[in-house]
Structures are given as C-alpha cells and as structure tokens.
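Here the structure comes first, spelled out in structure tokens, and everything after it is commentary.
The values are calculated or read from the model by the stated rules, or taken from the named source; none is laboratory data. The model shown is predicted, which means the values in this text are computed figures rather than measured ones. For neighbour counting, all protein chains shown are included, and Cβ atoms are generated from backbone atoms with ideal geometry for every residue, glycine included. The protein model used for the area step is the full one, side chains on, heavy atoms only, and it has no ligands, DNA or RNA in it. Shrake-Rupley method; radii C 1.70, N 1.55, O 1.52, S 1.80 Å.
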Amino acid sequence: MVQDDRPVGLDGVQVRFDDERVVCDAGVMLVATLAERLGVEALAQRLVRLGRDGAGAANAGRKVMALVYAMVLGADSIDDTGLLRAGRTRRLLGGWLPAPSTLGTFLRAFTFGHVRQLDALLGRSLERAWAAGAGPGSGRLVIDVDSFVGEVCGRLKQGASYGYTHLLGYHPLLATRADTREVLHIRLRKGSANTQRGIERFTDELIARVTRAGATGVKLLRADSGFWNTKVFTRLEKAGWQYSIGIRMLKNVRAAVEAISEDAWTTLTDYPADGEAQIAETTYGGRRLIVRRTRLLGAQAELWPDWRHFCFLTNRSEQLTLVEAEHRDHAVVEQVIADLKDQALAHFPSGRFNANAAWTVLAALAHNLLRWTQLLGLPDTPTRAARTLRRWLLSVPGRLTRHARGWTLHLPARWPWHSDYLEALKQIRALPASG
C-alpha cells in the first residue's frame, strides 16, 4: 500500500453515509469473541426470564448482549445502542440486534426479581472468566467495598433523591477486586439510602460468589468507616476472611486513641515535608485498632495545628506498617467508580427504578468484559483505565468484506496498537468455549 500524506481541501470533501461495509468501533470484535468463549449470551438466555407474556420478553440473550456491547463502547443512554446497527456492525456481532426502542421496552419490564436474574448472570460470568485464567486461584484476593452517588438529571426518576452529597441521584453499593479492577458485586439503591443499607446481605452474597468462582487463597475486605458494622465483622470472621474497615471517632473510640502512650507512635518517613504522619495501635471491642494521625508543619500549620486521627479495625496480624499502608490502598476503588461513570453509569437512562437497577448490573458486566479482555488477552500488561482500552483496542474503524474464502475485517494501516490487538485476539481465540 502506498502511503499518501498529501493534504485534502476539507471544504471540498463530499460526505455521504452510504457505505454498507463499514463497522463502527470494529475493535468490539475482541469483547464479542471473549463473550462468545464464556457463553454469556447463552447464559443470559437461560437465566433471564421475564415471563412468556411480558413485554420485550423474547430473545433476552440477544438484548442483554446488545446493551453490553454498547456499554463496552461507552454508551450511557439507551439511544446510544443504535450505533450497533450501523453498516455491517450487526453482522460482525452475530446478526440481528434490537432497536433502542425495543431495548427500552425490555428494561422497563424488569422487576426486582428479574434484576436478581441479571445478578446471577454477573456471578456466573465471573466464575467462567476466573476458570479461564482471570481469577486469583489460590493467590491472595483483596476486595474493596464502597458506595457512590450516581447523579441523575430528571427529578421524576423513580427512587432518585438527595443524599449526603446533596446531589440528586442513586446510591449504588459496590465490591471490586483491587488488582484487576473487576466488579465482583453491585447493587443499586435509592438515593436516600444510608451507606450501610443492605451491607449484611451484600456481604453474604459477596462471600458466596467469590467462593463459587474458585478463589481459595487469603481474602481481605477493605472498606471505609461508612461500613463499620460488628455483624459484618462476625460474618467475615466466620468465613475465614481478613478485613480492615474504618471506624468513626466516636467518644469511646477517641478515649481508646487518647490512651495510647506517646512513645508508642511510629513516624512515617515517606510523608511530605510540610506535614507529619504517625501510626500506632491498640484494641477496641476486643479487635485490633490501628490509628494514623497527621498534622501540618511549617507555615501552613495554623490551618490544622492539632493531630487529625484516622482509625480502622482489623483482624490481621501482620506488621503494623504493612497493614496500615495496605488499608490506605483502599482508595483504588475510586478508579473503578471513575471507569463506571465514564461508561454506562454516567447517567441512569430510565424513569423506572428496576430498569435502572438492571442497567447498573449490565454496566458491571460490560466493565468486566473489558477487564477480562485485557486480563486474558494481554495478561502481562499494566492495568489501564477503561477509556484507554477503548481508545487503543475498541475504537478502531473497520470494513467487513466478503470473498470466496470467507470474511475479512479490514482495520486501519499503521494503527499504533495493532500488535496488542492481534495478540489479544490470538489469546482470546485460544480459550476453550464454556458450556
């Protein structure tokens, strides 16, 4: 192919939307191939049952996949799924794909029980992906639990309300895997829901899901003080899990902290020069209490002249500095939340709560398929943001052509990340199909 870099007169270029062979975001083939190997569509067809007479009940598997493929490509509304019907994109993705209006009808047919069917789909897909090589196996598994506010614009959206952030929206509960940024469990809640609402059942389901998926090594759950709950501690201890969960500086906690002698504090050396941080430990309620205190030094010290304390409870027995440092790494959960909000959860598209709950679970599945594409296709590469993976591997224009020996997907010459694309496709195609 001759490389021609001569400029064109942009004002004189004619524009026509008439190429039937174009594939929008042709890199979605990677995710579609992985979904096929994991049998996600067949699972959805078997698990999602809206009732024989329910609106939009037919072809549930195809409708689930249409939503998932659009979300992987960054869709944050039902209308965005229309992208999949352009050119030969439908043919690449297996044929018929429903119109956005059909998918809207499908989502509005969901009840709480049907959302739980999607939740089962997320769990079963996790089991298959981990069995294919994405899981921790007997290695250590670190899980972060958090909640976030999913802001909405429509004041008539069912279940949306103002919470502690004074923003109108929902308040989902989320569990993620720290090293790979997978979503292990997610639950949509009303915007006014307290941070702890449903955490006990959520913890039980998370423990069961991770066990079914084949994680047999040490498991650590991290959370902030919003999830301080002795019943959760008991559940985790009974399951043999480790935990480090923040607690608030209530009166009794403050008394325990103030009882720590000054010579028990260890100064951290890796702290900025204009501040100081120290850590120490004691016990509270029969559990190990680790405390971090910080203050400013120098010219800014007048802003916070006194120590500020941050505490968490844990059942870990390792060295103090290690346990404290790993607890602070809980902040990586914010990267997953940022990815979800940069994709399907930028908005919640329906006026009905259960439709948005279904959308939320499918958003987690789409996010995981993108994560598994990297984990299984490019296992030795650093974990990257979802936006970066979309730009490198998915947002690739292509043309699907037919010839005597089959089909060819033509992608741009000199694509900067073509070697990563081909390697990922090779690795994913080598995976055994799940039954």
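Couple of notes before you dig in:
- Number of positions in the range 129-163 that are open to solvent by 40 Å² or more (accessible area, probe 1.4 Å) and within 20 Å of Arg181 (Cα to Cα): 4
- Qualifying residue in the range 383-406 (condition: of a type in the set (Gly, Ala, Ser), part of a helix (DSSP H, G or I), out of contact with any strand residue (DSSP E or B) (no Cβ under 8 Å at 6 or more places or on another chain) and modelled with pLDDT of 90 or more): yes
- The set of residues in the range 245-266 being open to solvent by less than 70 Å² (accessible area, probe 1.4 Å) and either more than 13 Å from Arg308 (Cα to Cα) or small (Gly, Ala, Ser) (or both) consists of Ile245, Gly246, Ile247, Val253, Ala255, Ala256, Ile260, Ser261, Ala264, Trp265, Thr266.
- Leu122 in a helix (DSSP H, G or I), under 25 Å from Ala55 (Cα atoms), modelled with pLDDT of 95 or more and of a type outside the set (Val, Ile, Thr): yes
- Residue in the range 318-340 that is open to solvent by 30 Å² or more (accessible area, probe 1.4 Å), touching a residue at least 12 places away in the same chain (Cβ under 8 Å), on the phi < 0 side of the Ramachandran plot and in contact with a helix residue (DSSP H, G or I) (Cβ under 8 Å, 6 or more places away or on another chain) present: no
- Restricting attention to the range 267-306 and to residues that are among the acidic types (Asp, Glu) and touching a residue at least 24 places away in the same chain (Cβ under 8 Å), the residue that is surrounded by the most Cβ atoms within 10 Å (Cβ to Cβ) turns out to be Glu281.
- Any hit, the range 348-365, residues being of a type in the set (Phe, Trp, Tyr) and without any contact (Cβ under 8 Å) to a residue 60 or more places away in the chain: no
- Selection count, the range 270-301, where residues are under 34 Å from the mean Cα position of the chain (by Cα) and β-branched (Val, Ile, Thr): 4
- Hey, Leu188 open to solvent by less than 10 Å² (accessible area, probe 1.4 Å), of a type outside the set (Val, Ile, Thr) and closer than 29 Å to Leu369 by Cβ or not: no
- Filtered residues of the range 11-46 (kept if free of Cβ contacts under 8 Å to residues at least 24 places away in the same chain, farther than 16 Å from Arg85 by Cβ and of a type outside the set (Asp, Glu)): Gly12, Val13, Gln14, Val15, Arg16, Ala42, Gln45, Arg46
- Which listed residue, of Arg49, Arg116, is open to solvent by 10 Å² or more (accessible area, probe 1.4 Å) and either in contact (Cβ under 8 Å) with a residue 40 or more places away in the chain or not in a helix (DSSP H, G or I) (or both): Arg49
- Looking only at the range 335-356, and only at residues there that are in a helix (DSSP H, G or I) and of a type in the set (S, T, N, Q), the one that is nearest to the chain's Cα centre (by Cα): Gln335
- Residue that is nearest to Ser225 (Cα to Cα) [pool: residues in the range 236-255 that are assigned to a loop (DSSP other than H, G, I, E, B) and modelled with pLDDT of 95 or more]: Trp241
- Pair list, Cβ < 8 Å and 6+ apart or interchain, from the range 83-111 residues that are at negative phi and small (Gly, Ala, Ser) to residues that are at pLDDT below 95 and open to solvent by 70 Å² or more (accessible area, probe 1.4 Å): Ala99/Arg85
- Residue list for the range 34-57, restricted to those being under 30 Å from Ala132 (Cβ atoms) and of a type in the set (Gly, Ala, Ser): Ala35, Gly39, Ala42, Ala44
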